[in-house]
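The block underneath contains the structure these notes are about, expressed in structure tokens.
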Amino acid sequence: AQSVAQPEDQVNVAEGNPLTVKCTYSVSGNPYLFWYVQYPNRGLQFLLKYITGDNLVKGSYGFEAEFNKSQTSFHLKKPSALVSDSALYFCAVRDIGNTPLVFGKGTRLSVIA
Amino acid sequence: NAGVMQNPRHLVRRRGQEARLRCSPMKGHSHVYWYRQLPEEGLKFMVYLQKENIIDESGMPKERFSAEFPKEGPSILRIQQVVRGDSAAYFCASSPLAASTDTQYFGPGTRLTVL
């Protein structure tokens, strides 16, 4: 069965600095990988996904993620963090065959002015 | 184009009562997914439905929980005889296709509190 690990519960970064939110996965076949963001008392908003092709995926709000098959990772990155990026970030994976979307436990990002 | 809509946003029930959560998918989407989020945890898959069919209910508790997506109207997640452990945020998502590559779009959630 597929699984996702987000090793950091909390990431703190100064405004203007680059940010990275880590994600590793495990699937039996080729993975379909997703990043979502959740603001307080809100639903999840889709940021980006990797299906196939270029390992660097660009998404909403200046976020990007790099798929690394050998390290089974899909880290979320942004070159310059904003205070408004402070939120809860979820990595999710799906295997082939329309299996359920499996989420990590989330990483709380705090961007400090 | 309206997003996924869920109501009510907040629901308070006493132990033993029934909770009914509604989800209207995005226009043009015929695939609906329900997830539960406990405090400080990620989302856990519960059930996947298409119109009038339950496709995958592997994440649903065996008792007290049921879901439907009728031909007309919203999808309903029903919890009978609620207990305190049912307190959580329940999210609905929809997608236009059934492919694993398809993005699921989430509603704002229903926060259920069981007293």
Report summary line: Expressed in nanometres to one decimal, the distance between label points 7 Å along Cα→Cβ at B:Arg14 and B:Lys44 is 2.7
Query - Net dipole in debye of the protein assembly as shown [+1 Lys, Arg Cβ; -1 Asp, Glu Cβ; about Cα centre; nearest 20] - result: 660
Query raised in the report: Averaged over peptide B:40-48, how many Cβ atoms belonging to another chain are found within 10 Å of each residue's Cβ?
Result: 5
Report task. Springs between alpha-carbon atoms under 10 Å, Gaussian network over chain B: tell me which of B:Glu68, B:Glu52, B:Glu40 tops the mean-square fluctuations. Result -> B:Glu40
Query raised in the report: Using r as the Cβ-Cβ distance of B:Ser66 and B:Ser87, and R0 as 22 Å, what FRET efficiency do you calculate, to the nearest 0.05?
Result: 0.75
Query - Length released on extending from A:Ala14 to A:Val83, taking residue separation times 0.36 nm less the Cα-Cα span - result: 24.0 nm
Query raised in the report: Where is the GNM fluctuation largest for chain A (alpha-carbon springs, 10 angstrom cutoff): A:Gly16, A:Gly43, A:Gly97?
Result: A:Gly97
Requested in this report: Please give the peptides A:76-86, A:54-64 ranked by average Cβ packing (other Cβ atoms within 10 Å per residue), highest first, as a rough proxy for protection.
Outcome: A:76-86, A:54-64
Query - Options A:Gln38, A:Val57, A:Asn12, ranked by Cα towards positive dipole end of chain A, top entry (Cβ charges) - result: A:Gln38
Query raised in the report: Can you pull out the cysteines in the protein assembly as shown that have no other Cys Cβ under 4.7 Å?
Result: none
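FYI, it's all coordinate maths here, none of it is from the lab. Values in this document were obtained by computation on a predicted structure and should not be read as measured data. Every residue, glycine among them, receives a Cβ derived from its backbone with ideal geometry; neighbour counts consider all protein chains shown.
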